[in-house]
1. Of all residues in region 86-98, how many are out of contact with any Phe, Trp or Tyr (no Cβ under 9 Å at 6 or more places or on another chain) and either within 17 Å of Leu2 (Cα to Cα) or touching a residue at least 24 places away in the same chain (Cβ under 8 Å) (or both)?
2. Among the listed residues Arg185, Arg178, Arg234, Arg156, which satisfies the condition of being more than 18 Å from the chain's Cα centre (by Cα), surrounded by 17 or more Cβ atoms within 10 Å (Cβ to Cβ), among the charged types (D, E, K, R) and part of a helix (DSSP H, G or I)?
3. I'd like the full set of residues that are of a type in the set (Gly, Ala, Ser) and buried (at least 20 other Cβ atoms within 10 Å of the Cβ), limited to region 19-45.
4. Do we find that Asp161 is more than 16 Å from ligand 1 (Cβ to nearest atom), more than 15 Å from the chain's Cα centre (by Cα) and over 20 Å from Val118 (Cα atoms) in this structure?
5. For region 103-114, name all the residues that are in a loop (DSSP other than H, G, I, E, B) and touching a residue at least 24 places away in the same chain (Cβ under 8 Å).
6. Checking Arg178 against (1) away from ligand 2 (no atom under 16 Å from the Cβ); (2) within 21 Å of Pro12 (Cβ to Cβ); (3) in contact (Cβ under 8 Å) with a residue 24 or more places away in the chain, which single condition isn't satisfied?
7. Hey, can you tell me all the residues within region 124-149 that are assigned to a helix (DSSP H, G or I), more than 16 Å from ligand 2 (Cβ to nearest atom) and either crowded, with 17+ Cβ neighbours inside 10 Å or in contact (Cβ under 8 Å) with a residue 24 or more places away in the chain (or both)?
8. Which one is farthest from ligand 2 (Cβ to nearest atom) among residues in region 23-59 that are of a type outside the set (A, V, I, L, M, F, W, C) and closer than 23 Å to Arg124 by Cβ?
Amino acid sequence: MLTVLYSAKGAPGVTSAALSLSAVWPRPVVLLEADLAGSDLALRCRGSSGAAVASTPNLLGFAAATRGDRDSTLTEWAQPLACGVQVVLGVQSPTQARGVADLWHRLAVTAASADIDVIADLGRLNHDQPTMPLMAAADLRIPVMASAVESILHTRTYLLDVTVAGGRTVPLLVGPGRTAAADCRDVDGVMSQAGIVAATSTHLPLDHPGLAALEGGVSPTGRGRTSQLVRGARAAADHLLASAGLEVR
Ligand SMILES: Nc1ncnc2c1ncn2[C@@H]1O[C@H](COP(=O)(O)OP(=O)(O)OP(=O)(O)O)[C@@H](O)[C@H]1O
Ligand SMILES: [Mg+2]
């Protein structure tokens, strides 16, 4: 199953949500960085040895291996982060992304047919984004927004402008835990008033220490107190999988 996360504007927390969801996903999963603006996780996270994340393997390896329509799996190009997430590191810059402009269709086909789940971070999108094949092939599309009216309305505009057939759209709101239920109701109201077909939204709490712990290598399955972020990510993952017709817990 291919799940894509993206934003319409701003930096509402797409990468943080993709990392958190991958860390608690109750099925085998690989996190794919497909943000044309450049990889963040290599800079933000620790590698499995506790040292900096290695620059390879990465998406460029997949791009080279599959040139001329040759086959490769995504997991061959993944590496473990200290928090336990398997990640395919993305391009480092928009310039590097231009060098693999022919990649995205092949990547979408491979990701959608992978034998494990793929969670892809598409970053901030515009309408003629080269990574659109990933969006089109996705089973679950997750527009991520902040709990601010402008973020919600920009997401609404994007969803009205860009129609993609198939799959399910499940909005994800990143904001304070204490207003989560009311914020999600607002999002659902805005989407349904606009006639947008989407499942009920879900929520990820803002939790800076929890995010720092995950990036620093604390595994959500390890000992110690579970952060608010990890608890929220588990609930969001359950909601997403249920929206896709998959109950796993
Ligand atoms: N759930 C969260 N808890 C705590 N802080 C968060 C959370 N989500 C995002 N942030 C904060 O907001 C910053 C931006 O988040 P992130 O990089 O995930 O956004 P993005 O939407 O991927 O942005 P970009 O489009 O620039 O890639 C993070 O560095 C972090 O400080
Ligand atoms: Mg990002």
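The values are calculated or read from the model by the stated rules, or taken from the named source; none is laboratory data. In this text, all values refer to a predicted model and were calculated from it rather than measured experimentally. No Cβ is skipped: glycine too gets one built from the backbone with ideal geometry, and neighbour counts run over all protein chains shown.
1. Residues in region 86-98 being out of contact with any Phe, Trp or Tyr (no Cβ under 9 Å at 6 or more places or on another chain) and either within 17 Å of Leu2 (Cα to Cα) or touching a residue at least 24 places away in the same chain (Cβ under 8 Å) (or both): 9 in total.
2. Arg156
3. The answer is Ser20, Ser22, Ala23, Ala34, Ser39, Ala42.
4. Yes.
5. The one that is in a loop (DSSP other than H, G, I, E, B) and touching a residue at least 24 places away in the same chain (Cβ under 8 Å): Ala114.
6. Every condition holds for Arg178 apart from (3).
7. Answer for region 124-149, where residues must be assigned to a helix (DSSP H, G or I), more than 16 Å from ligand 2 (Cβ to nearest atom) and either crowded, with 17+ Cβ neighbours inside 10 Å or in contact (Cβ under 8 Å) with a residue 24 or more places away in the chain (or both): Met132, Pro133, Ala136, Ala137.
8. Per the stated criteria, the residue is Asn58.
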